[in-house]
Amino acid sequence: MRPVSYSRVFDVGTAIGAVSSDPESAFLAGGTTQVDLLRIYVEQPRRLVDINDLPLNRVEELPDGGLRLGGLARMSDVAQEPELVRRYPMVAESLLLGASPQLRNMATMGGNLLQRVRCGYFRDTEAACNKRLPGSGCSALEGINRGHAVLGTSDHCIATHPSDLAVALVALDAVVRTEGPGGARSIPIDDFFLLPGQTPEREHPLTHGELVTGIDLPPAPVAATSRYIKIRDRESYEFALASVAVAIAVDGGRITEVRLALGGVATKPWRARAAERELDGAPATTESFTRAAAAELAPAVSHGMNAFKIELARRTMVRALEQMTQREGPA
């Protein structure tokens with residue numbers, strides 16, 4: 001057993017200093033993923049710095065009409081925030097579908113974004129995994145890969161990003177606020193998650209000791225007409241096989257604005273920009289939705305067992321768009 005030391009901090013500066021000064025230290029918030037990885041020796045920090053007492057747990061109004069979600073706000077609290085539910089329902093739905101009630105009561109917003117992949121080979125220290133041990137190979141490429149990605153993959157990694165929340169945030173062009181040894185930063189959410197490429201071990205642009213302090217949701221009137229649809233093997237707590245975050249506005253039977261993002265099928269939360277381009281100004285019909293979904297999934301690459309995800313993602317996109325336009329009423 002490897003000993004792990006523990007300390008508790010009460011202000012952001014002290015927290016950043018404690019972790020950034022020690023390369024074998026890590027922040028500890030809800031711990032819903034981190035503690036599991038510690039138990040199976042996938043992550044082995046020498047020191048944990050408890051940040052739960054930092055004043056980063058609020059949901060606040062922004063001057064431009066958006067909302068700021070504190071980095072340490074609990075998933076359960078944010079999902080019930082009245083203004084979030086009213087103005088950004090897809091975010092509230094993604095939180096409720098993202099974990100069991102027990103986990104939602106512990107898990108934080110920042111921790112949700114930084115959770116590690118659920119690939120079984122990543123968690124098996126005897127298996128080859130470039131994300132865990134760069135240069136060791138990827139067992140999933142020729143192994144059991146039913147749950148793995150078909151978009152954004154590389155020869156080094158095909159693991160899907162597990163966060164539901166992140167899919168909704170990508171659709172809304174959220175901004176991640178951080179603070180670290182180099183000061184404060186604002187990172188567009190789509191730049192916050194990195195494709196595996198040649199360096200799958202690098203999942204985000206944060207430096208060691210850099211802390212997620214908040215997530216800003218910009219004002220987006222179209223987000224009031226939005227939802228998050230998640231397809232999984234069972235209705236109880238389970239990771240997505242395919243999911244869609246969608247917000248749409250229709251006027252005179254034509255689409256005037258649309259936001260789309262996919263989960264469960266890509267190595268990062270996937271903004272469906274090709275589909276959005278197809279739908280811009282198009283009739284709000286099943287034919288339009290089908291063409292847009294096909295355009296988005298055209299670059300998808302399967303690895304055997306996960307081939308079904310390509311068709312599943314197409315159908316889920318069409319279903320989500322149909323449900324939203326039916327909710328809008330007759331076109």
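No lab work stands behind these numbers, since they all come straight from the coordinates. In this text the structure is predicted, and so the values were computed from the model without any measurement. Glycine also receives a Cβ, built like all others from the backbone with ideal geometry; neighbour counts cover every protein chain displayed.
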Out of the range 18-70, which trypsin sites (Lys or Arg not before Pro) are coil in DSSP terms and have no more than 14 other C-beta atoms within 10 Å? 46, 58
Is the shape of the chain rounded, prolate or oblate, going by the alpha carbon gyration tensor and its root eigenvalues a ≥ b ≥ c, with a/c under 1.5 for rounded and a/b larger than b/c for prolate? oblate
Taking a ≥ b ≥ c as the square roots of the eigenvalues of the Cα gyration tensor, with a/c under 1.5 meaning rounded and otherwise prolate when a/b exceeds b/c and oblate if not, the range 114-157 is rounded
Part-to-part distance (alpha-carbon centres) for the range 72-135 and the range 149-185, which is given in Å: 11 Å
Packing-based order for 119-126, 222-229, using average beta carbon neighbours within 10 Å, highest first: 222-229, 119-126
Would you mind checking which residues have amide H under 5 Å from residue 150's amide H? H placed 1.01 Å from N; only 5 or more apart, or other chain. 266
Which GluC sites (Glu not before Pro) from the range 1-90 combine a DSSP loop assignment with at most 14 other Cβ atoms within 10 Å? 24
quick note, the range 1-96, DSSP beta bridge pairs, % antiparallel (nearest 5) is 25 percent
